[in-house]
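K.L.:
Shown below is the structure under consideration.
The values are calculated or read from the model by the stated rules, or taken from the named source; none is laboratory data. None of these values were measured; they are calculated from a predicted model. Neighbour counts run over all protein chains shown; Cβ positions are idealised from the backbone, glycine included.
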Amino acid sequence: MENLLRPLIVVGGSVALTLLIGWATDLLLRKADARHHETPMWGLLRRGRIPYQLVLCAAMLRGSFDEAQLLRQHSSGIGRTLTLVLIGAAAWLVIRIAAAVVETSYSRYARAHRDPARVRRVRTQVTLIMRVVSAVVGVVAAATMLLTFPAFRAAGASLLASAGILGIVAGVAAQSTLSNMFAGLQIAFGDMVRIGDTVVVDGEWGTVEEITLTFLTVRTWDERRITMPVSYFTSKPFENWSRGTPQMTGIVFWHVDHGAPVEAMRDKLRDILRECPAWDGRAYGLDVTDTTPNTMQVRALVTAKDADDIWTVRVTVREQMINWLATYHPYALPRVNTADAALPPSRSNGHIPHDRAPRDDVARDGVAARSAHESPRGAN
């Protein structure tokens, strides 16, 4: 009877005590979260209740397993398994606690600062710091697990002796990976590009969606994802429309006829912008920037508070101006002129100067004069 009750009491008591402590801790965290609405710390710490209970249960079972006197022939393997579970759960718990602390610090910073650029910079740094912390904790946990095996402890001396050679070989083999990792740290703390920035990369316009130590993901306007190594942003030029102030100036071009009413177009541009909510009211302008034999190029300058609004302003101005020209000034639209050329105005006495007369009239007058001079009637 004792052989049955002892394992049941040890194992069952450890599990029951773990559930009880976990429930009490979760209850305290819920009350703290309800009492302190200004900080998300306590709510974030509740995400670690599963690894917390695993740590408690593994520690209790590891400490009391010898007293259970269960499966003595496999006690060494079971004890090592519980140790591995304890190490893994502890690493998981440390990562969850670190994430809660980092996210709480970021949320406080975001509430205290209204500058979107600075908030995005801190968010990028926090994300990469969490990835580094997770990687370091994972490596330490894996190394600790390996050291629980006697064979690996015996091989530790030889591994340390050859660490220099292995480091050189690993550095040469993982040169691109290491360069990407250092580039990721440079991006995080060099404020080159941040999560949420609007960038143009290889002619593609999009928003930075994710930054890791090795790659960066850009979400384009048509919801495609472009993934590229972070070393690209440290070695090649790219456009960052969100760096500094997000305000932007946009350009709209039209090709219109030479007779287009430019002054009326300026007034219409002003009216269109006044009715466009995306225009920030800073500046606008309309000028003739170029001419061709058939058309002239008109350019409008508009402003907006960010890249999304400048796109809205440009398409609105382009569409409404074309509709207005087509409705009220159709002659201003580009067209192929097949009519006769307009004659220049005559002088007050009704005679056209020879240097301004059309070529047809000059040729016709010359033929008539020559005929009169050669004819017999003209000779008389």
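K.L.:
Could you identify the single residue in I211, I195 that is of a type outside the set (D, E, K, R), crowded, with 16+ Cβ neighbours inside 10 Å and in contact with a Leu (Cβ under 9 Å, 6 or more places away or on another chain)? Break it down stepwise before answering.
P.N.:
Values: I195 fails: in contact with a Leu (Cβ under 9 Å, 6 or more places away or on another chain).
Testing whether each residue is of a type outside the set (D, E, K, R), crowded, with 16+ Cβ neighbours inside 10 Å and in contact with a Leu (Cβ under 9 Å, 6 or more places away or on another chain) leaves just I211.
K.L.:
Let me ask another. Checking the structure you have, find out if any residue of segment 36-51 is within 30 Å of P150 (Cβ to Cβ), at pLDDT 70 or above and under 52 Å from the mean Cα position of the chain (by Cα). Explain how you work it out, then say what you get.
P.N.:
Keep residues of segment 36-51 that are within 30 Å of P150 (Cβ to Cβ), which gives 51.
Next cut, at pLDDT 70 or above only: 51.
The next check asks that each one be under 52 Å from the mean Cα position of the chain (by Cα); those that pass are 51.
Yes, that holds for at least one residue.
K.L.:
Could you tell me which of the residues R225, R299, R282 is surrounded by fewer than 17 Cβ atoms within 10 Å (Cβ to Cβ), in contact with a strand residue (DSSP E or B) (Cβ under 6 Å, 6 or more places away or on another chain) and assigned by TED's automatic domain parsing to the domain that holds G196?
P.N.:
On the way: R299 fails: assigned by TED's automatic domain parsing to the domain that holds G196; R282 fails: assigned by TED's automatic domain parsing to the domain that holds G196.
Unique residue meeting the criteria: R225.
K.L.:
For a quick check of your reading of the model, give me the residue pairs whose first member lies in segment 36-53 and is more than 17 Å from Y106 (Cβ to Cβ), whose second is small (G, A, S), with beta-carbon atoms closer than 8 Å and at least 6 apart or on different chains.
P.N.:
G48/A100; R49/G22; P51/A89; P51/A90; Y52/G22; Q53/G22
K.L.:
Pairs needed: first member in segment 248-269, of a type in the set (D, E); second member anywhere, crowded, with 19+ Cβ neighbours inside 10 Å; C-beta distance under 6 Å; at least 6 residues apart or different chains.
P.N.:
The qualifying pairs are D257/A332.
K.L.:
Sticking with this one: Checking W23 against (1) within 35 Å of the chain's Cα centre (by Cα); (2) modelled with pLDDT of 80 or more; (3) more than 16 Å from A90 (Cβ to Cβ): exactly one of these is not met. Which one?
P.N.:
Of everything listed in (1) within 35 Å of the chain's Cα centre (by Cα); (2) modelled with pLDDT of 80 or more; (3) more than 16 Å from A90 (Cβ to Cβ), W23 misses just condition (1).
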